[in-house]
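Notes follow the structure.
The values are calculated or read from the model by the stated rules, or taken from the named source; none is laboratory data. Just so it is clear, the model here is predicted, and its values are computed rather than measured. For neighbour counting, all protein chains shown are included, and Cβ atoms are generated from backbone atoms with ideal geometry for every residue, glycine included. Accessible surface is based on the protein model in full, side chains and every heavy atom, while ligands, DNA and RNA are left aside. Shrake-Rupley method; radii C 1.70, N 1.55, O 1.52, S 1.80 Å.
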Amino acid sequence: FDEWSEQIFGQLDADGLIITYCDGVSCSLGLELMEKLNWLGFENVRYLSNGWTRWVDAQMPVGHGMP
């Protein structure tokens, strides 16, 4: 979070939808990120539980690396 936050926050629309996720039902990183973003003032943030697995299982597009 701390390493990438400055670079990422400059690209985010404060009013846009942000979806956080992680992989596995026991992973809490996506939920923790959502809470941090809410605390920082991003109000339109949602969390997708077991998101990565669900995304790949649905055969949705994926990319690799930072933009």
Inset, instruction - Starting from region 27-46, keep only residues that are under 13 Å from LEU12 (Cβ atoms), then list their pairs with residues that are in a helix (DSSP H, G or I) and open to solvent by less than 50 Å² (accessible area, probe 1.4 Å) whose Cβ atoms are within a distance under 6 Å, requiring at least 6 positions of separation or different chains. - result: VAL45/MET34; VAL45/LEU37
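Of all residues being surrounded by 10 or more Cβ atoms within 10 Å (Cβ to Cβ) and touching a strand residue (DSSP E or B) at 6+ places or on another chain (Cβ under 8 Å) in region 1-28, which is farthest from TRP52 (Cα to Cα)? Just the residue, please.
For region 1-28, the residue satisfying everything is LEU12.
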Legend entry - Residues located in region 42-66, provided they are modelled with pLDDT of 85 or more, at positive phi and loosely packed, with under 10 Cβ neighbours inside 10 Å: GLN59
Inset, instruction - Only residues that are farther than 17 Å from GLU3 by Cβ, of a type in the set (A, V, I, L, M, F, W, C) and open to solvent by 60 Å² or more (accessible area, probe 1.4 Å): list them for region 29-41, please. - result: LEU31, TRP39
